[in-house]
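What follows is one structure encoded as structure tokens, with my remarks underneath.
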């Protein structure tokens, strides 16, 4: 005699998650009926709140490779996305701007490998006090925005830039503190007369080109260097402006990475994410403070902080909570590995970072099922 398979048991947590709201609202008699009718019935789990975010890389680390070699390398490492420097060797920018057919053919190379182009990047200083530098960087930004529209890439990554401290200055001035009063005056000049007017215009240009999103990297020596300055410029210039959340520039400022992601995510201002770590050398921080960065291996002994591959400045458990936070705020971009590790250079650093990110992502998605 054939036996019907018994339904699998329903855990109390899963049952309550699926029915708790309805049961709480029902009258007592109805609840009893519901409980009776639910006996032996499998209640499907609610859909997972966590979404798989693609892991990619910022391509300058592979600038020695041709485009086809880059695509082979991404496939070999198991990466699903890429961020392309618009002025780099993998982006035929003029062809994309001049010839729709060539633009489609270029993008098809990525589509054929199931590799998502998450962003085009053009890092520069469009508010530099040198008219020549500012003009060139503004033009690079505009060309990149147009190219992003042509190849249907939603995000352009760049810097806010840093102006001079006054109209008479000839070099950028990274002012962060309003005392002595000269610096308060410099900050008013920078924001009111240079930054906000320029970025209002730039945001409008992005809006005109199918609403490209502009992800500003919060970076030292630029006017937008933390979440507060990012939001200040966004509120003044428009919602086309958002964050490239590179936590490596925020760890040394004392930011909590999860709180940063939640703060920016709540405002809908997370457009891109550079995945890069920072190690803090406590004994040197104690002696020299945090504004003592080391960029080369030979300087690490005296440095207070240095860039590292993901997992080499903070534990995998910390990065698991970071990835969880991106998932929970419904981040729509990619996690773009940027390797500037002075010890694990090139492909080695990318591979180590990808290993950590893929594992913590897999753990989170498995636990959410």
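Please treat every number below as a calculation from the coordinates, not as lab data. It should be emphasised that the depicted structure is a prediction, and the values quoted were computed from it without experimental measurement. In this analysis, Cβ positions are derived from the backbone assuming ideal geometry, glycine residues included, and neighbour counts consider all displayed protein chains.
Treating the angle as unsigned and between 0 and 90°, give the value, to the nearest 10°, between the Cα long axis of helix 196-208 and the longest Cα principal axis of the chain.
The helix 196-208 is inclined about 50 degrees to the chain.
Could you tell me the distance between the Cα centroids of the stretch 208-256 and the stretch 286-328, to the nearest Å?
The distance from the Cα centre of the stretch 208-256 to that of the stretch 286-328 comes to 20 Å.
If you take every DSSP beta bridge fully contained in the stretch 270-369, what fraction is antiparallel? Give it as a percent rounded to 5.
For the stretch 270-369, the DSSP antiparallel bridge percentage is about 50.
Fewest to most neighbouring Cβ within 10 Å: what's the order for 53, 196? Numbers along the way, then the final one.
Values: 53 22, 196 16.
With the sparsest Cβ surroundings first, the list reads 196, 53.
Can you tell me, using C-alpha contacts under 8 Å and at least 6 residues apart, the relative contact order of the stretch 252-310 as a whole percent?
36 percent
Just one of [x] 218; [y] 204; [z] 126 is volume of the Cα convex hull per residue in Å³ calculated from these coordinates, so which is it?
[x]
Suppose we keep just the DSSP beta bridges with both residues in the stretch 55-368; what percent of those would be antiparallel, to 5?
Details: 4 of 31 bridges.
Here the share of antiparallel DSSP bridges comes out near 15 percent.
Order 238-250, 176-188 from most to least packed using the mean count of other Cβ atoms within 10 Å. Please report the intermediate quantities before stating the final value.
Details: 238-250: 22.8, 176-188: 12.2.
Per-residue Cβ counts within 10 Å, averaged per peptide and sorted highest first, yield 238-250, 176-188.
Sorting check: for 274-284, 301-311, which peptide has the highest mean count of neighbouring beta carbons within 10 Å, and how do the rest follow?
301-311, 274-284
How high is the relative contact order of the stretch 97-196, in percent, with contacts defined as C-alpha pairs under 8 Å that are six or more residues apart?
26 percent
Classify the stretch 90-150 from the C-alpha gyration tensor, please: rounded if a/c falls under 1.5, else prolate or oblate depending on whether a/b exceeds b/c. Intermediate values should be presented prior to the final figure.
Working: a/c = 3.79, a/b = 2.19, b/c = 1.73.
In terms of gyration-tensor shape, prolate.
Can you compute the label reach from residue 297? Point 7 Å from Cα along the Cβ direction, backbone N cut-off under 19 Å, restricted to the stretch 265-281.
277-281
Which order do peptides 71-82, 146-157 fall in by mean Cβ count within 10 Å, highest first?
Going by the mean number of other Cβ atoms within 10 Å, highest first, we get 146-157, 71-82.
Any chance you could give the angle, 0 to 90 degrees and rounded to 10, that helix 316-328 forms with the longest Cα principal axis of the chain?
Value to nearest ten degrees: 80.
So what's the back-of-envelope 222 nm ellipticity for the chain, counting only DSSP H runs of four-plus at -39500 (n - 2.57) apiece and dividing by all residues, rounded to 500?
Here the helix-only value at 222 nm equals -13500 deg cm²/dmol.
Taking 8 Å as the Cα distance limit and 6 or more residues as the minimum spacing, I'd like the relative contact order of the stretch 55-368 as a percentage.
So the answer I get is 15 percent.
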